[in-house]
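Colleague: Dumping the structure here so I can ask a few things about it.
The values are calculated or read from the model by the stated rules, or taken from the named source; none is laboratory data. Please read these numbers as outputs of a predicted model, since none were measured by experiment. All Cβ positions, glycine included, derive from the backbone under ideal geometry; neighbour counts span all protein chains shown.
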Amino acid sequence: MADRLLIEDAKRRQEVFKNLDKYLAVIKYVVKSLDPDAEIYLFGSVAERRHILTSDIDVLVITTINPGVVLEKLWRAGIGDTFEIHVRTPDMLPLYRRHSKLVKI
């Protein structure tokens, strides 16, 4: 049973990584529909091209919209647990820039 769950998870992650551009486009569409001024960045191991299949995909959303609203809309749009979505206010962007490579989506 546990082996089957691991295999299903690996297949799902493989599908997400294979179609990453599609998923990032969905994230951008959903976030921009909530806040046209929002900024969206890829960061972490995927942005640095050092990820493996078990890596999560870190996405930074800079917005003044309530994080719960953003996360709920993304979840409903099919953005699942393969993604680690960080919803932060604009004043947090310099901190992320100092500590991470950011790739604007």
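Colleague: If you take the residues of segment 43-70 that are exposed (fewer than 15 other Cβ atoms within 10 Å of the Cβ) and modelled with pLDDT of 95 or more, which of them is farthest from Glu84 (Cα to Cα)?
Modeller: For segment 43-70, the residue satisfying everything is Thr64.
Colleague: Does Ile40 count as β-branched (Val, Ile, Thr), surrounded by 13 or more Cβ atoms within 10 Å (Cβ to Cβ) and either in a loop (DSSP other than H, G, I, E, B) or modelled with pLDDT of 95 or more (or both)?
Modeller: yes
Colleague: To continue, here is another question. Taking segment 18-30 only, how many residues are within 11 Å of the chain's Cα centre (by Cα) and surrounded by 13 or more Cβ atoms within 10 Å (Cβ to Cβ)?
Modeller: 6
Colleague: Evaluate segment 79-89: report whether one residue or more is under 14 Å from Leu102 (Cβ atoms) and among the basic types (Lys, Arg).
Modeller: Taking every residue of segment 79-89 in turn, at least one turns out to be under 14 Å from Leu102 (Cβ atoms) and among the basic types (Lys, Arg).
Colleague: Which residue pairs have Cβ atoms closer than 6 Å, lie 6 or more positions apart in sequence or on different chains, and pair a first residue in segment 21-32 that is outside any helix (DSSP H, G or I) with a second residue that is crowded, with 20+ Cβ neighbours inside 10 Å?
Modeller: From segment 21-32, no pairs qualify.
Colleague: Can you tell me which residue in segment 54-93 is farthest from Asp35 (Cα to Cα), limited to those that are among the charged types (D, E, K, R) and not in a strand (DSSP E or B)?
Modeller: Asp56
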